[in-house]
Amino acid sequence: MRRLQYNSFPARLMPVHSYQSLGHTFVFHQTQRNLNNLENSDIMDVPLGSKISIVRSRRVVTGNTISPADIIIKDGKIVGIQPWGKQSITVGSQLLDAGDLVVMPGIIDPHVHVNEPGRTDWEGYSTATRAAAAGGITTIVDMPLNSLPPTTSVSNFLTKLKAAEGQCFVDVAFWGGVIPGNQLELVPMLHAGVAGFKCFLISSGVPEFPHVSLMDLHSAMSELQGTNSVLLFHAEFDDPSRAPTNGDPMQYETFLASRPPHMEVAAVEAVANLCLQYKVRCHIVHLSSAMALPIIRKAKKAGAPLTVETTHHYLTLSAEKIPPGATYFKCCPPVREHSNKEALWNALLQGHIDMVVSDHSPCTPDLKLLQDGDFLKAWGGICSLQLGLSLFWSSARSRGFSLLDIPRLLSSNPAKLSSLDGRKGAIKPGYDADLVIWDPDKEYQVHEASLHHKNKVTYNTHGL
């Protein structure tokens, strides 16, 4: 499957004013980097800031239709959509004719761990956004943890903005973090431009981003009432009564038994209740267990402003097929059984899950303990930022999904979550001209040399 990404404007840092009383948004122009620098990628060689003013294809995805069209672009914005071939080519304008390739809104990935500053040996803005561009992603939203410092105050947020400046190949927005005791930082961070907030209900794995208690959540959600902001939850509760994990640590089933579904179910139920109580937008990140779906359906039906994501790896992998010692497939919550995977697909098809994301969570190979193969001690996180569109479509097309479903699940719903709707996530006049142009019928093999993220521990040799 060949992917060609076109982003007509310089990459930008995107502080997003989702705090309603501010009444506006703003964008920082970021870099004039050229996408030709992405050697050996599947990207069309189009420089950022190019003068292309018409993108033409026989398969343009707009709303609920796929039709031949010309997309008219000026100053990085879509200014019109005309029937195919009807737009005249004037002197000075440039036409990009995509033929029969599919043209759709650029993908927005709201769950990416860039880790810069502080842990740049894990990942960084240059490598992460190169990988995003190579996968047709035109905007990422950076998670608040694993960087040093974490994005838990205005000062720390400004430090992160400075670190990202001049390095980005795609647009970047940012989540803030909720940790114990920082509730008075939340509204100031909204003023500074974070898109919303994330918290953990269980250990995050890094000491500088501790998990919150229910008391912390009551304080934070009281602060967020009336702001139209969103609070993202890593929804697992620890279970002190759980029996000690026994068994061979090289066997995946041993790790799977250490994070049983009820840890997710209990946490999702708590989030649903808080969402109904405070009417603050809440979002479950990386839903793994299908056993939590009845709670989610009930809460949504009761009027909770609740959204849910799952990930490409939960929809692609099955616990039964993870080989002994293959710790590059460890993540938290864990990849579960095949039957659970199919239940997630069914929920996605029925609209009970709102979007699909990468949860790109890299680390250095030594932290994955690839030589030891110890699932219990290895770092949890899977790297698939560059592969999301391919992973999704390779499986979705055989399960009743169409090309029309992709923009909703990978673009427009993530844009709404991140307060980027109205300018990103659709092909409409007035929106940013962020487009992905790709061939949904072409297959390719994933090889390490074609990957652009820093530590290439991922789906090597996987056919897509």
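A few comments on the model shown:
For every residue, the table says whether it meets (1) surrounded by 15 or more Cβ atoms within 10 Å (Cβ to Cβ); (2) of a type in the set (A, V, I, L, M).
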position	(1), (2)
Ala192	yes, yes
Val212	yes, yes
Ser222	no, no
Ser229	yes, no
Asn246	no, no
Pro249	yes, no
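- Here region 379-418 is the region considered, the condition is being polar (S, T, N, Q) and surrounded by 24 or more Cβ atoms within 10 Å (Cβ to Cβ), and the residue that is nearest to Ile284 (Cα to Cα) is Ser418.
- Selection count where residues are at positive phi and either touching a residue at least 40 places away in the same chain (Cβ under 8 Å) or basic (Lys, Arg) (or both), scope region 253-307: 2
- Within region 65-85, not a single residue is farther than 26 Å from Thr311 by Cα, in contact with a Pro (Cβ under 6 Å, 6 or more places away or on another chain), of a type in the set (S, T, N, Q) and modelled with pLDDT of 95 or more.
- Extreme residue, farthest from Glu309 (Cα to Cα), among residues of region 219-265 that are touching a Pro at 6+ places or on another chain (Cβ under 6 Å) and assigned to a helix (DSSP H, G or I): Leu256
- Scanning region 70-94 for residues that are without any contact (Cβ under 8 Å) to a residue 24 or more places away in the chain and either assigned to a strand (DSSP E or B) or in contact with a Gly (Cβ under 8 Å, 6 or more places away or on another chain) (or both) yields Asp70, Ile72, Lys74, Gln82, Pro83.
- Contacts under 8 angstrom Cβ, first residue in region 95-111 being closer than 16 Å to Ser419 by Cα and without any contact (Cβ under 8 Å) to a residue 12 or more places away in the chain, partner hydrophobic (A, V, I, L, M, F, W, C) and surrounded by fewer than 21 Cβ atoms within 10 Å (Cβ to Cβ), 6 or more apart: none
- Among residues that are out of contact with any strand residue (DSSP E or B) (no Cβ under 7 Å at 6 or more places or on another chain), assigned to a helix (DSSP H, G or I), within 13 Å of Ile107 (Cα to Cα) and not aliphatic (A, V, I, L, M), Arg397 is not included.
- Residue match in region 322-335 (condition: among the β-branched types (Val, Ile, Thr), surrounded by 22 or more Cβ atoms within 10 Å (Cβ to Cβ) and more than 16 Å from the chain's Cα centre (by Cα)): yes
- When region 201-232 is filtered for residues that are under 13 Å from Pro180 (Cβ atoms) and of a type in the set (S, T, N, Q), the ones remaining, listed by number, are Ser203, Ser204, Ser213, Ser219.
- Top-ranked residue of region 353-368 - restricted to ones that are modelled with pLDDT under 95 and in a loop (DSSP other than H, G, I, E, B), ranked as farthest from the chain's Cα centre (by Cα): Thr364
- Restricting region 194-210 to residues that are of a type in the set (Val, Ile, Thr) and touching a Phe, Trp or Tyr at 6+ places or on another chain (Cβ under 7 Å) leaves a set whose member that is surrounded by the fewest Cβ atoms within 10 Å (Cβ to Cβ) is Ile202.
- Meets criteria (within 30 Å of Trp122 (Cβ to Cβ) and either outside any helix (DSSP H, G or I) or modelled with pLDDT of 95 or more (or both)) for Gly303: no
- A single entry from Met215, Met291, Met221 fulfils the requirement of being modelled with pLDDT of 95 or more and over 30 Å from Gly193 (Cα atoms): Met291.
- Asn273 fulfils the conditions (1) of a type in the set (S, T, N, Q); (2) in a helix (DSSP H, G or I); (3) more than 26 Å from Ser219 (Cα to Cα) except for a single criterion, (3).
The values are calculated or read from the model by the stated rules, or taken from the named source; none is laboratory data. All figures in this text were calculated on a predicted structure; none of them were measured in a lab. In this analysis, Cβ positions are derived from the backbone assuming ideal geometry, glycine residues included, and neighbour counts consider all displayed protein chains.
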